[in-house]
Amino acid sequence: MSSNEAIQQTIREIIGLDNALDSNKVYLAQSFIQQLKNIAVDHEPKVLSYLYEAKKTKRLVDEANEITAAVRPQDNLRFELDAASPVLFMGFPPDFLPHLIIRVIRVLTPAQRRWKGIKAHVTSK
């Protein structure tokens, strides 16, 4: 498998099957990786290492979602792999790569969304 094919496979694994079917999202992911590579001439090995870490972390996030759904389904929690970087920069020094982070999201039920909307409407008056 060539380096480019490996990167394409990694992109699909990181963004997930649903997003991998969206050509616009795949293009944006490819563009982002190319921007990371263009930061410095010797940056490609660091970017490949970053993608490898993102792929490993994504698997752990997926596993955490499975465990949480099985053990605490009533909490409606979901984990997402995300990246953080300073404003106006691609990442943090010295490599200027974004940091991988895990977001915890509580998915509201329809009743909770309605209550939140009512509460916001009442308090805005």
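Listed peptides 91-99, 72-80 appear in the order 91-99, 72-80 once ranked by packing, highest mean of other Cβ atoms within 10 Å at the front. Over the chain, dividing the summed -39,500 (n - 2.57) contributions of all DSSP H runs of at least 4 residues by the number of residues returns a 222 nm mean residue ellipticity of -21000 deg cm²/dmol. Note: relative contact order over the chain, using C-alpha pairs below 8 Å and six or more positions apart, is 17 percent.
Anisotropy class assigned to segment 43-103 is oblate, per the alpha carbon gyration tensor with a/c at or over the 1.5 cut-off and a/b no larger than b/c. Divide the volume of the convex hull around the Cα atoms of the chain by the residue count and you get 162 Å³ per residue.
A dipole drawn for segment 1-70 from +1 and -1 charges on Cβ atoms has a positive end, and of 61, 49, 10 the residue lying farthest that way is 49. Applying the Karplus relation 6.51 cos²θ - 1.76 cosθ + 1.60 with θ = phi - 60° to segment 109-119 yields 3J(HN,Hα) values of 6, x, 5, 5, 5, 4, 4, 4, x, 5, 4 Hz, where x marks Gly and Pro. Over all other residues within a Cβ to Cβ distance under 13 Å of residue 54, the charged ones net out to +1, with Lys and Arg as +1 and Asp and Glu as -1. Among the lysines of the chain, pairs that are 8 or more positions apart or on different chains and have alpha carbons within less than 28 Å of each other number 13.
3J(HN,Hα) along segment 72-88, derived from phi through the Karplus expression 6.51 cos²θ - 1.76 cosθ + 1.60 where θ = phi - 60°, amounts to 9, x, 5, 7, 6, 9, 9, 10, 9, 7, 9, 10, 10, 8, x, 4, 6 Hz, with x in place of Gly and Pro.
Bear in mind these aren't lab numbers, they're just calculated from the coordinates by the rules spelled out. Keep in mind the model is a prediction, meaning the values are calculated, not measured. When we count neighbours, we look across all protein chains shown, and the Cβ atoms used for this are built from the backbone with ideal geometry, even at glycine.
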